[in-house]
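Colleague: Below you'll find the structure I mean.
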Amino acid sequence: MNYYNEIKQELINNEVYKKVKDYSKNRSDLNTYYNVGKLIVDAQGGEARAKYGDGLIKEYSKKLIIDVGKQYNYKTLAKMHQFYLIFEKFSTLSRQLSWSHYSELLSIKDVNKINYYVKIVENQNLSVRELRTKIKNKEYERLDEETKEKLISKEETNLTDFIKNPILIKNKYDYKNISEKILKQLILEDMDNFLKELGDGFSYIKNEYKIKLGDRYNYIDLLLFNYKYNSFVVVELKVTELRKEYIGQIQVYMNYIDINLKNINQDKTIGIIICKKDNEFVMEYVSDERIFETTYVIN
């Protein structure tokens, strides 16, 4: 079998297909590059055993630049080779990801980690840039081990599983002393990213949400709603270490929301306390199973 001619024909056919049927060129790209990767692997184990590895890819790329186009250089061909080696482990390729998305995943060795990023691109319709940012910020590594096990075994997950540990909050003003007011300001000015750090399905309702307890008014720092899990989320910000009274306070707020705002079709309110611990800010998940714990970093 002439593996080089097979590879060349795959690439030529794909170039023609993309010009004729532009609407489905992504699917054609993925199929073609996967097939090319497989042919390279087959060639390395067959007729070109003596040229095993990098040498064969370099030889083929030099010919392809001349025969098909300069875009099929060594780097591109090496990516196709790696693409096949990684994704042969998957039953199917997601058509919601482009070749550019998959290229961002090629440096990852852990198949479970790759699968996580494939799923969030599908679920959140992420651009290549957004995916790159999530990988750079080590989103998968910041999930707890129990959540990772649930994803691997395809068990049911809940709202708190995807809150990162730590979550990242940008300190674009480079504040040295963080007060509750400044912490809230940093979150409010970067709310989209804050909600994404918490996980999927969070939406912002209001800060300083006013509630009346007896004859006094109190203010919830942040009131959120998670439409995926159909529940309100109370967030309280503290700049000291966790105290018992913080737990009692947020439980009162959660109960108020359950009684006065939640309807019969919604789940019970979730609580998040952000406080300080060992010179870092953390989220504490205390005795009430509705109150979540994770560290977070201001960067």
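Colleague: Once every Cα of the chain carries one equal point scatterer and solvent is ignored, give the base-10 log of I(q)/I(0) from the Debye formula at q = 0.09, 0.14, 0.15, 0.16 Å⁻¹, two decimals.
Modeller: Here log10 of I(q) over I(0) equals -0.60, -1.00, -1.10, -1.20.
Colleague: Still on this structure, I have one more. Per residue, how much accessible area does region 62-121 show when a 1.4 Å probe rolls over the protein heavy atoms, in square angstrom? Please list the in-between numbers first.
Modeller: Numbers: 3100 Å² over 60 residues.
It amounts to 52 Å² per residue over region 62-121.
Colleague: Also, quick follow-up: With all protein chains present, how much of the accessible area of the chain (probe radius 1.4 Å) comes from carbon and sulfur, to the nearest whole percent?
Modeller: 47 percent
Colleague: Leaving ligands, DNA and RNA out of it, work out the accessible area of D267 with a 1.4 Å probe and give it in Å² to the nearest 10.
Modeller: The accessible area of D267 comes to roughly 90 Å².
Colleague: Report, in listed order, any pair from K8/K75; K70/K113; K38/K136; K79/K148; K109/K172 with a Cα-Cα distance greater than 23 Å.
Modeller: Check vs 23 Å cut-off fails for K70/K113; K38/K136; K79/K148; K109/K172.
Colleague: Region 59-107: which GluC sites (Glu not before Pro) are DSSP loop and have at most 13 other beta-carbon atoms within 10 angstrom?
Modeller: Counting only loop positions with at most 13 other Cβ atoms within 10 Å, the GluC sites (Glu not before Pro) in region 59-107 are E88.
Colleague: Name the long-range amide H neighbours of K170: under 5 Å, sequence gap of 5 or more, or other chain; modelled H, no Pro or chain starts.
Modeller: Sorted by chain and number, the residues that satisfy this are N299.
Colleague: Which value in Å does the Kirkwood hydrodynamic radius of region 160-230 take, with 1/r averaged over all unlike C-alpha pairs and then inverted?
Modeller: Across region 160-230, the inverse of the average 1/r is 13.6 Å.
Colleague: How big is the dipole moment of region 123-241 about its Cα centre under a simple scheme where the beta carbon of each Lys and Arg is +1, that of each Asp and Glu is -1, and everything else is neutral? Debye, nearest 20, please.
Modeller: Dipole magnitude for region 123-241 comes out near 440 debye.
Colleague: Sticking with this structure for a sec: Where nothing but the Cβ of Lys and Arg (+1) and of Asp and Glu (-1) is charged, how large is the charge dipole of the chain around its Cα centre, in debye to the nearest 20? Don't jump to the answer; show the numbers that get you there.
Modeller: On the way: 49 positive and 45 negative charges, 223 e Å.
For the chain, the charge dipole is close to 1080 debye.
Colleague: Could you rank L39, L224 by how accessible they are, 1.4 Å probe, largest area first?
Modeller: Largest accessible area first, the residues go L39, L224.
Colleague: For every helix of n ≥ 4 consecutive DSSP H residues, a contribution of -39,500 (n - 2.57) applies; sum these over the chain, divide by its total residues, and give [θ] at 222 nm rounded to the nearest 500 deg cm²/dmol.
Modeller: Calculated mean residue ellipticity at 222 nm is -15000 deg cm²/dmol.
Colleague: Taking the convex hull of the Cα atoms, report for region 78-183 its projected area averaged over all directions, in nm².
Modeller: Its Cα hull, projected and averaged over all orientations, spans 8.8 nm².
Colleague: Would you be so kind as to identify which of I86, L39, L97 lies farthest towards the positive end of the dipole of the chain, taking Lys and Arg as +1 and Asp and Glu as -1 on Cβ and the Cα centre as origin?
Modeller: Result: L39, furthest along the dipole toward the positive end.
Colleague: Specify, per residue and in Å³, the volume enclosed by the convex hull of the alpha carbon atoms belonging to region 146-284.
Modeller: Per-residue hull volume (Cα only) is 123 Å³.
Colleague: For a test of the definition: using alpha carbon positions, the gyration tensor, and the 1.5 limit on a/c, classify region 54-114 as rounded, prolate or oblate.
Modeller: Prolate.
Colleague: Taking +1 at the Cβ of each Lys and Arg and -1 at the Cβ of each Asp and Glu, which of I178, Y116, L131 sits farthest along the dipole of region 102-188 towards its positive end, judged by Cα position relative to the Cα centre?
Modeller: Result: I178.
Colleague: Let me ask another. Taking θ as phi - 60°, what are the ³J(HN,Hα) couplings along region 224-237 by the Karplus curve (6.51, -1.76, 1.60), each to the nearest whole Hz, with x for Gly and Pro?
Modeller: 10, 9, 10, 6, 6, 9, 6, 8, 6, 9, 9, 10, 10, 10
The values are calculated or read from the model by the stated rules, or taken from the named source; none is laboratory data. Please read all numbers here as calculations on a predicted model, not as lab measurements. In this analysis, Cβ positions are derived from the backbone assuming ideal geometry, glycine residues included, and neighbour counts consider all displayed protein chains. Surface areas here come from the heavy atoms of the whole protein model, side chains and all, with no ligands, DNA or RNA. Shrake-Rupley method; radii C 1.70, N 1.55, O 1.52, S 1.80 Å.
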